[in-house]
Amino acid sequence: MTTSAEISHARRWWTLTVVSLATLMVALDATVINIALPRAQLALHFSNANRQWAITAYALAFGSLLLLGGRLSDLWGRRTTLYLGLAGFALASALGGSAHSFSMLVTARAIQGVFGALLAPAALATLTTTFQEPQERAKAFSIYGAIAGSGAAIGLLLGGALTQWASWRWCLFINLFFAVFAIIGVALFVDKGRSEHHTHLDVLGTVLGSGGLFFLVYGLGHAVTTSWSNVFTWASLVLGAVVLTLFVLWQRRSNHPLLPLRILLQRTRGGSLISLFITSIGMFGVSLFLAYYLQVTLGFSPLRTGLAFLPLVGSLALSAFVASARLLAKTGPRPLIPVGMVLGMMGMILFTKLPPNSDYVGHVLPGLIVLGLGLGLIFAPATASATAGIEKRDAGAASALVNTTQQIGGSVGTALLNTLAVSAATAAGMSLMKTHPPKTALAMKALETTATLHGYAVAFWWAAGFFALGAVITLFLLESGPSVSSSPLLVD
């Protein structure tokens, strides 16, 4: 006969399945559209200059509204917020998949970002409040970390398969299947999780926080499409910094802050957030430059490009399941995350040697495996530690902070590394033109390839430097011990 304890145990793991499915949908949507864009551009007839808005619209809405989404999950309850987030995300995906104009597609992507900002913090908050026993918490977050960390790579694989075998529209329609199963799972397994406190919405904090994040993400996105010297880039970044400073000052005075500053006053939580920020910078270096290298330089098809990232997903999952799940509850995050950072650095260094000829096994595969092993040691412990010991009334806000940190890190990585790569490639091309002027079209093509690979190498070296910095910071900032990352949630 099944006991109530066994039912409760099974219910927790089904909750993890539901939360992971919702998280995967949001995570892969940041990249699933990338491979589909060339086909969408042909179908909807939009220019290269406007192409980036299909990605930027999602990033702007998602990144700027995460803090609000986290607080709303505290206000409305986890289950209600998950229902709204999943349903809204699905409807926006249906709108985008059936788009007959570029403006319709961009609008749908922005709406996806809005509901994604509602969904992502609620999903992580649900996991945070569901698993409190140290061993179970470590295992749950290792699974969650593996899925969230490999979401970008899975998005590239899924986008390549759907674009090649079906239509670019299915890169959006596929979310309907994710959402339907997740909504059913929420109804069956997720508790309401509403705070016992009378949570109020900080209106001024919402305006300042969302506005500051909007200008910050917009400025970083503008740097990608223009340059770091562009006046609008810096105007947006400076405005974002000023508004976010005002936001922090207001949070210190507000009776019902959007982001309670008390959740930042813990050493390991700060170190975990820094590690997630740095890791997101490096991850975007891989998903951006390696995808371009495989498709443009080596001539891989969209599907083959997606398949090429599978070793990254596999090694990340292996590292998260075997190492993080077994060790996190016993050791805490300090022994794991710095080692993961060093492995991430080594993976990036391996990518600096990419050749112009096709040699996936010799030059791409080793870097993917080493990087994946490192990421598995970072994502799960950092996410678990960043949300450990949080009062239930602040679970949504803390989860939103985790997602915001990763989103801003990804935006910084895209803008900074892309600018460094383009600048280095341009300089290398001009230098080669002077020293070895091409005399044939074939020689010109070889020169361009050499310059481009040099740009990639510079970007990967910078990414390696970020991982090295992360290793030093986390080594000194994080703490050891089982109580650090696995402490139960504080009672309200």
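Values as computed for the structure displayed
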item: The chain: relative contact order in percent, alpha carbon pairs under 8 Å with at least 6 residues between; result: 23 percent
item: For the range 202-257, the spread of Cα positions along each principal axis, largest first, Å; result: 41, 13, 10
item: Span-like helix ranges in the chain, DSSP H, alpha carbon extent 27 angstrom or more, Kyte mean at least 0.0; result: 4-28, 53-76, 78-97, 102-130, 170-189, 203-225, 231-253, 267-285, 395-435, 441-477
item: Segment K445-V207, extension gain: residue separation times 0.36 nm, minus the distance between their alpha carbons; result: 80.7 nm
item: Lysine pair count for the chain [Cα-Cα under 25 Å; pairs on different chains or 8 or more apart]; result: 8
item: Over the chain: helical MRE at 222 nm, DSSP H runs n ≥ 4 each giving -39500 (n - 2.57), nearest 500; result: -25500 deg cm²/dmol
item: The range 202-257, relative contact order in percent, only Cα pairs under 8 angstrom and at least six apart counted; result: 47 percent
item: Net charge, A398 excluded, C-beta distance under 11 Å - Lys, Arg +1, Asp, Glu -1; result: +2
item: Point-to-point label distance, H436-M104, nm (Cα→Cβ direction, 7 Å offset); result: 5.0 nm
item: The range 292-422 - percent relative contact order, Cα under 8 Å, separation 6 or more; result: 29 percent
item: Cα-based shape type of the range 227-364, given that a ≥ b ≥ c are square roots of the gyration tensor eigenvalues and the cut on a/c is 1.5; result: oblate
item: Distance (nanometres) between label positions extended 7 Å along Cα→Cβ at S8 and L310; result: 4.2 nm
item: Computed lengthening from V422 to T245, 0.36 nm per intervening residue step minus Cα-Cα distance; result: 60.6 nm
item: Label-reachable residues, the range 34-61, where backbone N falls under 14 Å from a point 7 Å from S301's Cα toward its Cβ; result: none
item: Prolate/oblate/rounded label for the range 280-439 (Cα gyration tensor, a/c 1.5); result: prolate
item: Net charge, G145 excluded, C-beta distance under 13 Å - Lys, Arg +1, Asp, Glu -1; result: +2
item: DSSP-assigned coil residues among trypsin sites (Lys or Arg not before Pro) in the range 413-485, each with at most 13 further Cβ atoms within 10 Å; result: K439
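Rule-based calculations on the coordinates, nothing more; no lab input. Keep in mind that this is a model prediction, so the values were computed, not measured. So basically every Cβ, Gly included, is an ideal-geometry build from the backbone, and we count neighbours across all protein chains shown.
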